[in-house]
1. Where does helix 57-73 land angle-wise versus the long Cα axis of the chain, in degrees 0 to 90, nearest 10?
2. Could you run the Debye sum over the Cα atoms of region 18-143, one equal point scatterer each and no solvent, and tell me log10 of I(q)/I(0) at q = 0.16, 0.21 Å⁻¹, two decimals?
3. Could you look at the chain and say what percent of its accessible area is carbon and sulfur, using a 1.4 Å probe and all protein chains?
4. Please report the antiparallel percentage of DSSP beta bridges with both residues in the chain, rounded to the nearest 5.
5. Based on Cβ point charges of +1 for Lys and Arg and -1 for Asp and Glu, what charge dipole magnitude is obtained for the chain about its Cα centre, in debye rounded to the nearest 20?
6. Which links in LYS297/LYS439; LYS151/LYS439; LYS276/LYS439; LYS165/LYS439; LYS165/LYS276 stretch past 23 Å when you go from one Cα to the other?
7. Would you be so kind as to identify which of VAL193, PHE459, VAL235 lies farthest towards the positive end of the dipole of the chain, taking Lys and Arg as +1 and Asp and Glu as -1 on Cβ and the Cα centre as origin?
8. Report, in degrees rounded to the nearest 10, the 0 to 90 angle that the Cα long axis of helix 75-86 makes with the longest principal axis of the chain.
Amino acid sequence: MPTTEPDRVPGRRDARFAVVNPATGEPFDQAPDQQPDELDAVVDRSHRAWRDWRADPAARTTALRGAADAVETAGEELARLLTREQGKPLTESYAEIARTAARLRYFADLAPRTRRITDGRPVHSEVRWRPLGPVAAIVPWNFPLQLAAAKFAPALAAGNTVVLKPSPFTPLATRLLGSVLATALPEDVLTVVTGREPLGARLASHPRIRHVTFTGSVPTGRAVARAAGASLARVTLELGGNDAAVLLDDIDVDRIADRLFWAAFRNCGQVCMAVKRVYAPARLHAEVVEALAQRAKSVAVGPGLDPDTRLGPVNNAPQLARVEQITEQALADGARAAAGGQRLDGPGYFFAPTILTDVPPDSAVVTEEQFGPVLPVLPYRSLDEAVDAANGTGFGLGGSVWGTDLDRAEAVADRLECGTAWINHHAELSLAQPFAGIKNSGVGVAGGPWGLYGNLRPFVVHRPREE
Ligand code: NAD
C-alpha cells in the first residue's frame, strides 16, 4: 500500500516538511518541500548536462569510480543519518552504504556491446547502444540509498542524467548522498529533489524525462505508469512482493531457523523480497512455529543507533498503523500470535516481532504484503498444495524452497512463479544478476547488464558492404 505523507512545517516562508526519527516518533530535522513547478528548471539543467555526459564513456567510468570512493569516504556520516531517519540498525546502514558504493563501481566498468549482424545479404548492420536522456528515479523509504543507486548507477553508466526523488520519509540521507556524489560527478548529472506529492507524479509525467524507473508499492506503480504514458517515456517498475518460503519435509529446523527468521525480519520486515509467508509440512509446523517464535521473543529490538539493537522500529506512523491493522485483522480472523502481536509501549514506532499461527489462508496477512515485522506460518499437507498456495497471490517477486536434498528442493523451486527463486536462503542478490518481478511485482528488468540495457536504446546503422 502507498503510505500517507508527512505534514508540511507550518509558519515558514520557504516550504519544508518535518523528518521524523522513527525510534522516537519525534521530528529531528526538515527537508525542502520542492514544488512541481520547480521541475522544469531541474529537468532542463539535467537535459543540458546530458550532452557532455553521454559523449565520453571513459570519463564516465572515471567519474563513477570516484563517486564510489566518495560514498565510502562519507560512509560513517551517511550511515548515521540513514539510521536516524529510516530506523534500521547501524550495521545494516553500513551494509547499505557498502552496497551503494559497490553498485557504482560495478556499473562504472560495464559497457554495452556493439553487434554486427551478418545475415548473408550484401549489407551489414551494426547495432550500437545509445542513452535515452534524463531519467526520473523515484524510490521508497526502506532502502533509500541502495535502491537509489540501483537506479542511478546503471542509468549514469549508460550515459543518461538522473533526477532522483526519495520518499518524503527518508529525504535527508539521499540529499547528503547527492552532495557527496556531486564532488565526483559533473554538475547537474545527478540532481536530488525532495518534496511531497504531486512532485513524483509531475516528475513521472515530465515531457523531457525519457525513462521513469520506480520502486515502490503496486498502486503507486500503476499511477506512475499512467503518468509516464503522457510522454510515452520508458517505464521500469519494481513493486511489492509477497514472497513465500516453502519448507520441505527433510529440513533440519534448528539448522535453518536463524536464516529463515532473518530472511523475514531483516530491516524490520520492510524488504520487498522478504519472506512474507512460510509454508511448513503439517508434521513439522509446530516445531517451525516454536523455533521462529523463540527468536522473535529474544531478538534485541530498539533504536538503530544503539549498538545492541538487531531490529529497529517500523519506518513511519502510517506503516505502523498498517502493520497493526493487518495483524489485528488476522487475530480477528482466528489467528494466534505465537510471539508478539502488538505495538510495543513507549515512544517510537516499535512493533513486537510477531509470529502468527492458525492463520486462515484468505486473511490479508497472507494474501497481501504486510511489509513489517509480522510473519504467518501455514501448514500444508501435500507439496502441490504448498506450491499452489505460494503461487496463489497477485505478486511474483521472489520465493524460496528449503530442504536437505538440494536436487529435490531445486525441482520445487523451478515450479515457483516469480522472478528469483532461492534454495535454503532468501533475498541474496548478486550485482551481476537480473532482477525482475512478474505479475503485480514489476515491469522491466534491473540488475547486471540487463539493468544497463534497460537504460539504453538500440541504434542501428545499416550500410552496403561495398558500392
Ligand atoms: P510508495 O509507493 O508509497 O512510494 C514510493 C515512492 O513514490 C516515494 O518516493 C513516494 O513519495 C513516491 N510517490 C507517491 N505517490 C506518487 C505518485 N502518484 N507518482 C509518483 N511518485 C509517487 O511506496 P513506499 O511505501 O515508499 O515503499 C514500500 C513499497 O515499496 C512496498 O510495497 C515494497 O514492497 C516496495 N518495494 C519494492 C522493491 C522492489 O525492488 N520490487 C524494493 C523496495 C520496496
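The values are calculated or read from the model by the stated rules, or taken from the named source; none is laboratory data. From a predicted model like this one, the values you see are computed outputs, not experimental measurements. Every residue, glycine among them, receives a Cβ derived from its backbone with ideal geometry; neighbour counts consider all protein chains shown. Accessible surface areas use protein heavy atoms only, side chains included; no ligands, DNA or RNA. Shrake-Rupley method; radii C 1.70, N 1.55, O 1.52, S 1.80 Å.
1. Rounded to the nearest ten degrees, it is 40.
2. -1.07, -1.27
3. The value for the chain is 50 percent carbon and sulfur by accessible area.
4. Roughly 40 percent of the DSSP beta bridges within the chain come out antiparallel.
5. The calculation lands at about 1820 debye.
6. LYS297/LYS439; LYS165/LYS439; LYS165/LYS276
7. Result: PHE459, furthest along the dipole toward the positive end.
8. Between the helix axis and the principal axis of the chain, the angle is about 60 degrees.
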